[in-house]
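The structure appears right after this line, and notes come after that.
What follows draws every value from the coordinates through simple rules; no lab data is involved. Please read these numbers as outputs of a predicted model, since none were measured by experiment. Neighbour counts are summed over all protein chains in view; Cβ atoms, including those assigned to glycine, are modelled from backbone coordinates with ideal geometry.
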Amino acid sequence: MKRIFPYPLLFVTAIVFDRVAISITQIDPEQSLRSLFVLLFLGMVALFTLQRFVKDWQRADFTIFMAALLFVLYKPLYRTIVWNFPQQADYLGIALIPLLGWLYAVVTSRKLWRFIRKPAQLTYYLNLVCATLLMFQVVRLGEGFYARSASKNGLTAVPALTEEIRLEGDTRPDIYIIILDGYGRRDVLQSIYGYDNSEFIGGLEKRGFYIPTKNHSNYIQTTYAMASLWNFDYLQPWAPPSDYGQYILQPIQNNRAFELLHDAGYTTVSFEGALSYTQIYNADVYLTNSLPLNKFEALSLVDTPLEPLSNIFDLKIPVPTYKTHRTRTLYKFDALKTVPNAVPGPKIVYAHFLMPHPPFVFDRYGAVLPQRQPYKLWDDSETAGGAEEYRQGYREQVTFVNGKVLQAIDGVIANSKTPPVILVMGDHGPASMFHFDIDAPGCVWERTGNLYALRLPGHLNDGALYPTISPVNTFRVIFNAYFGAELPLLEDRSYLAASQYKAEIKDVTNSRDSLAGCAMPGGQNPADE
Ligand SMILES: [Zn+2]
């Protein structure tokens, strides 16, 4: 009896534990429980069903084990396809399924099984292998839990609040935070991209937005920019032994703005995003157009047969692909308009668009642009085929985004009972000539030159808004204007900080308008304008 121990179940458990150990600093391990339970349940059902037919536990075990093994094997094969044939990856990925199916039929066939002289020995051997594998994963997981608990009370990017803030007011407007990732300031688009943005800016102004002209972003990477915006404060540098992921993620997921507004009776609303730091998981209302999978489950389905299947047959699995990227973007633009009616009462709404940021997936009319590279979200001067290709893609996508954003804003304003506060902002500027190198960053002027547009009904001309306003002061201004918070404004500064330099934050406030590292196409100098 002991030799027919169901080792496929050990194997499946080891695979799940492996995924948990990999993601433990970013994702709560509890998120894996549903997957583990479902997989073990399915494994058992399959095992017992098979046993009824073959009447041989050893063969049933082996057959289920091979299925799990081939499922694991799919991942590196599919990755190889994606890297070598990104444009055909979906169809090749699907073609791989019957191919592995055929291999499975061969290795689990009765013919081959008869070939095995001592099945008991094979079972014993696989028991040993799977048990060892599981033990190894348990140790890894233990280490992960230990590191997690050690860093739990560690340093986070935002220091604790020193003053108590109470939000009190009668108006209580809805607040919309719309981030257009990498959207540059008007003069940056004009000088570097040869792109005249005045129609869009005029459109925002017509809708009651204030648009400063001498503004800069506070940070040059999304994580830092968002942590600072949400907590209306500058960030302290990371230091060991705290976990870097938690250091930067905690201040976003449990941010001051959401907490204060929630305490003041607001409903917090977040849209699903591609990245952990472009969405807020524990918002009161979490809006998504994909299946209600948790982060662990979504991540576990990456590079499985479900990825190409979801792409072709629109299964709505949030795997990181161009298809998901486009669908999610379109969904968010459309759904924004319906939020005023769908969510009753005062609300803070967060929609983060990874646009006009690369990858450039839409042309100006919203048509799908073909891609030559596997899906990734990296953004710097090396992103596409050099600066000129970056600019070309950027111009197309930004034109598309402009139209979509104005439509969404019109919907939000029309459906809101109280005139809403709306921020439309690039978390930083674009990067056709910028690299993530603190000592040689390229064009800092481009990267810190972000779009900033704030609609603050009733406060357009009372001095609350000013030409150098930066993201860090956004919630200070909003809380002062409507909730009597009397928060002091901070100096509008800019810093180079990036995940590549964890412990270093470099002040570039005094050099951010220098054009060092900025080669203007056509040789025009923006300072001359
Ligand atoms: Zn960004």
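Structure summary
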{"read-out": "Taking region 2-152 and dividing mean pair separation by its residue count, relative contact order in percent (alpha carbons under 8 Å, at least six apart)", "value": "45"}
{"read-out": "Estimated translational D of region 267-310 in µm²/s (Stokes, Kirkwood radius over Cα pairs; 10 °C; 1.306 mPa s)", "value": "138"}
{"read-out": "Under Karplus coefficients 6.51, -1.76 and 1.60, residue-wise ³J(HN,Hα) of region 423-429 in Hz, glycine/proline x", "value": "9, 10, 8, x, 5, 6, x"}
{"read-out": "Relative packing of 402-413, 99-110, 509-520, which averages over residues the other C-beta atoms within 10 Å, highest first", "value": "402-413, 509-520, 99-110"}
{"read-out": "Reachable lysines, given that their alpha-carbon falls under 21 Å from the alpha-carbon of Lys206 and they are not under 8 places away in the same chain", "value": "Lys214, Lys337, Lys404, Lys417"}
{"read-out": "All aspartates and glutamates inside 17 Å of Lys118 as judged from Cα atoms, apart from same-chain residues fewer than 8 positions distant", "value": "Asp56, Asp61"}
{"read-out": "Residues of type aspartates and glutamates that Lys323 reaches as a straight line, Cα spacing below 16 Å, ignoring anything fewer than 8 places off in the same chain", "value": "Asp90, Glu272, Asp303, Glu307, Asp314, Asp363"}
{"read-out": "Arg455 long-range amide H proximity, modeled H, under 5 Å", "value": "Tyr210, Ile422, Leu423, Val424"}
{"read-out": "Rounded to 10°, Cα long-axis angle of helix 244-253 versus longest principal axis of the chain", "value": "60"}
{"read-out": "Unpartnered cysteines - no second Cys beta carbon under 4.7 Å - across the chain", "value": "Cys130"}
{"read-out": "Karplus-derived HN-Hα couplings along region 473-487 (A = 6.51, B = -1.76, C = 1.60, θ = phi - 60°), whole Hz, x at Gly and Pro", "value": "8, 4, 6, 4, 5, 5, 5, 5, 5, 10, 10, x, 7, 6, 7"}
{"read-out": "The chain - mean residue ellipticity at 222 nm from DSSP helices (-39,500 (n - 2.57) per run, n ≥ 4, rounded to 500)", "value": "-15500 deg cm²/dmol"}
{"read-out": "Asp380 long-range amide H proximity, modeled H, under 5 Å", "value": "none"}
{"read-out": "Label-point separation, Leu489 to Asp462 (7 Å along Cα→Cβ), nm", "value": "1.5"}
{"read-out": "Taking the chain and dividing mean pair separation by its residue count, relative contact order in percent (alpha carbons under 8 Å, at least six apart)", "value": "23"}
{"read-out": "Flagged links, alpha-carbon separation over 30 Å, of Lys55/Lys316; Lys316/Lys347; Lys316/Lys376", "value": "Lys55/Lys316"}
{"read-out": "Along each principal axis, Cα extent of region 175-528, largest first, Å", "value": "52, 50, 49"}
{"read-out": "Label-point gap, in nm, between Glu259 and Glu168 - each point 7 angstrom along Cα→Cβ", "value": "2.1"}
{"read-out": "Table column - 3J(HN,Hα) (Hz), region 301-316, Karplus curve with 6.51, -1.76, 1.60, x for Gly and Pro", "value": "8, 5, 6, 9, x, 5, 5, x, 5, 5, 5, 7, 9, 6, 7, 6"}
{"read-out": "Length-normalised contact order of region 320-462 in % [C-alpha pairs under 8 Å, at least 6 apart]", "value": "25"}
{"read-out": "Descending semi-axes in Å of region 2-57, equivalent ellipsoid built from Cα gyration tensor", "value": "28, 11, 6"}
{"read-out": "Value of Rg/Rh across region 147-306 [Cα atoms, Kirkwood radius]", "value": "1.00"}
{"read-out": "Least to most buried among Trp57, Trp378 (fewest other Cβ within 10 Å first)", "value": "Trp378, Trp57"}
{"read-out": "Hydrodynamic radius by Kirkwood, which averages 1/r over all alpha carbon pairs of region 267-411, in angstrom", "value": "16.3"}
{"read-out": "Debye log10 I(q)/I(0) for region 2-152, one point scatterer per Cα, at q = 0.10, 0.13, 0.14 Å⁻¹", "value": "-0.45, -0.74, -0.83"}
{"read-out": "FRET efficiency estimate (nearest 0.05) - Cβ-Cβ, Leu77 to Asp513, R0 51 angstrom", "value": "0.50"}
{"read-out": "Inter-site label distance for Val129 and Leu377 at 7 Å from Cα along Cβ, in nm", "value": "3.7"}
